[in-house]
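Report on the structure given below.
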Amino acid sequence: MGRSPAMATATADGPVKSHPLLTTAIISVIGYVLVFGTFAGVVNLFPPIGNDTVLLLSDIIAVVNTLALTALLVGFYFIRRGRIRLHRAAMLTAFSLIMVFLVCYLWKVGGGFEKSMVIENGQFLAAYAGIIKPAYLVMLAIHILLSAIAVPVVVYPVVIGLSHSVAEIKTTAHARVGRIAVVSWSLSLFLGVVTYFLLNHVYSWVPR
């Protein structure tokens, strides 16, 4: 993500600017440790929460992901038209929303529980449960896989965009990695919203 033309002068060198890959790696590792540590029960940062809070966080996460996806696509639209300032604002908004998502998600998992989908008789296309349930699980698996893969390719453009001038950004892999980030991140967010809708508003669930 680039700076506006008014900020196109060279920025001062620093450890982040000099070592963007190392910075990306450190931030990514911290993120992985928080997520996998919370799942494994090793990292326990959040207090226990009740069922109502788990449901509320699920709804909040879906809204946050929808807003993040919108900001991401808007940011892509702006950079395609050379609107660097607006592109930067949209992408930083998307990144900030993902930080909000991360806190809500880890709190939901670490302090509450995950859900498993149950298709009951009389629900939408219940006769095809043998197809719908595997399709849901495939979408969920792709969502999770892309979420994990997207971490470094999302963090790297943010690191470059915040530490380099517009002229300097053009000499980096910011644009190339950013395109990968947009595709992987957008699909992950979209599938996250779809699986949320199926799990919470179309079919039933049980705690896992």
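When the range 61-92 is filtered for residues that are small (G, A, S) and outside any helix (DSSP H, G or I), only G82 remains.
Filtered by the rule that a residue be over 15 Å from the mean Cα position of the chain (by Cα) and surrounded by fewer than 16 Cβ atoms within 10 Å (Cβ to Cβ), the range 84-125 gives R85, F113, E114, S116, V118, E120, N121, G122, Q123, F124, L125. Applying the condition of being part of a helix (DSSP H, G or I) and in contact with a Ser or Thr (Cβ under 7 Å, 6 or more places away or on another chain) to the range 1-60 and asking which residue is modelled with the lowest pLDDT yields M7. Any residue in the range 130-151 that is without any contact (Cβ under 8 Å) to a residue 24 or more places away in the chain and within 22 Å of Y77 (Cα to Cα)? Looking through the range 130-151, none of the residues is without any contact (Cβ under 8 Å) to a residue 24 or more places away in the chain and within 22 Å of Y77 (Cα to Cα).
Just to be sure before I move on: is V155 closer than 18 Å to L145 by Cα, among the β-branched types (V, I, T) and surrounded by fewer than 17 Cβ atoms within 10 Å (Cβ to Cβ) in the structure I sent? Here the answer is no, as V155 does not meet what is asked. Only one entry in A129, A181, A148 is in a helix (DSSP H, G or I), over 19 Å from S28 (Cβ atoms) and small (G, A, S), namely A129.
Just a yes or no: is a residue in the range 155-163 within 11 Å of the chain's Cα centre (by Cα), within 30 Å of T53 (Cα to Cα) and modelled with pLDDT of 95 or more? Checked against the condition, which is being within 11 Å of the chain's Cα centre (by Cα), within 30 Å of T53 (Cα to Cα) and modelled with pLDDT of 95 or more, the range 155-163 yields at least one hit. Of the residues F124, F101, F113, the single one that is among the aromatic types (F, W, Y) and out of contact with any helix residue (DSSP H, G or I) (no Cβ under 6 Å at 6 or more places or on another chain) is F113. Scanning the range 11-57 for residues being more than 30 Å from V177 (Cβ to Cβ) and either surrounded by 14 or more Cβ atoms within 10 Å (Cβ to Cβ) or in contact with a strand residue (DSSP E or B) (Cβ under 9 Å, 6 or more places away or on another chain) (or both) gives a total of 8. Of a type outside the set (D, E), more than 30 Å from L22 (Cα to Cα) and buried (at least 20 other Cβ atoms within 10 Å of the Cβ) - does that describe any residue in the range 158-166? Checked against the condition, which is being of a type outside the set (D, E), more than 30 Å from L22 (Cα to Cα) and buried (at least 20 other Cβ atoms within 10 Å of the Cβ), the range 158-166 yields no hits at all.
Look at L187 and say whether it is under 17 Å from T66 (Cβ atoms) and either free of Cβ contacts under 8 Å to residues at least 12 places away in the same chain or within 14 Å of the chain's Cα centre (by Cα) (or both). Yes. Scanning the range 170-184 for residues being over 18 Å from M99 (Cα atoms), polar (S, T, N, Q) and free of Cβ contacts under 8 Å to residues at least 60 places away in the same chain gives a total of 1.
The values are calculated or read from the model by the stated rules, or taken from the named source; none is laboratory data. Please read these numbers as outputs of a predicted model, since none were measured by experiment. Positions of Cβ are backbone-derived with ideal geometry, glycine not excepted, and every protein chain shown enters the neighbour counts.
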